[in-house]
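What follows is a set of notes on a single structure, which appears directly below.
FYI, it's all coordinate maths here, none of it is from the lab. What you see is a predicted model, and the numbers here were worked out from it, not measured in a lab. Counting neighbours? That spans all protein chains shown, and the Cβs are built from the backbone with ideal geometry, glycine included.
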Amino acid sequence: MGTWGTRNFENDGSLDWVFEMIDAKDGGLIADTLQFSLNKDGLLDTSECEDALAAAETVAALTGKPSEDYPETPLEKLDSLNILATLALRKLAISVVEKIKLNSEMKQTFTDSGEVEAWFAIQDELIKRLSL
């Protein structure tokens, strides 16, 4: 059974995504993941949400504002990717987080479990870190 919680790195999918991105040394995966999520028609499934939220959290980490649960090893290696958290990348990340909050399988899961308000608070905090 996998790990699951309201924080963005309390699930196996987000952890897997960030470690794979660092291991592959592929900073382009950040924008690719965010753009895919923004452009996808229909409901984003939970796996897609996990990847997109990990990418958005990585953009926040690149601005020097990582979440308290951002994995330590990838955080230490982010500088080696030479990625800039440009205004355009931050806006893309915000748009994706807002899309996930509005209508996604992940939102439905947290609504059904009664944890949607706690999950919304985490996503709002992420948007704030991306906005500064």
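Within segment 30-45, being part of a helix (DSSP H, G or I) and either acidic (D, E) or more than 12 Å from the chain's Cα centre (by Cα) (or both) holds for D32, Q35, F36, L38, N39. Pairs under 6 Å by beta carbon, first residue touching a residue at least 12 places away in the same chain (Cβ under 8 Å) in segment 44-71, partner buried (at least 24 other Cβ atoms within 10 Å of the Cβ) and in a loop (DSSP other than H, G, I, E, B), six or more apart or different chains? Sorted first by the residue in segment 44-71, then by its partner, the pairs are L53/N8; E57/N8. Kindly establish whether A85 is in contact with a helix residue (DSSP H, G or I) (Cβ under 9 Å, 6 or more places away or on another chain), among the small types (G, A, S) and within 20 Å of G13 (Cα to Cα). No: the conditions fail for A85.
Note on segment 1-25: among residues that are in contact (Cβ under 8 Å) with a residue 40 or more places away in the chain and assigned to a loop (DSSP other than H, G, I, E, B), the one that is farthest from the chain's Cα centre (by Cα) is K25. With respect to the conditions (1) surrounded by 15 or more Cβ atoms within 10 Å (Cβ to Cβ); (2) in contact with a helix residue (DSSP H, G or I) (Cβ under 7 Å, 6 or more places away or on another chain), K25 falls short on a single one, namely (1). Counting only helices (runs of 4 or more DSSP H) that sit completely within segment 52-132, zero hold 3 or more residues that are surrounded by fewer than 15 Cβ atoms within 10 Å (Cβ to Cβ) and in contact with a Leu (Cβ under 8 Å, 6 or more places away or on another chain).
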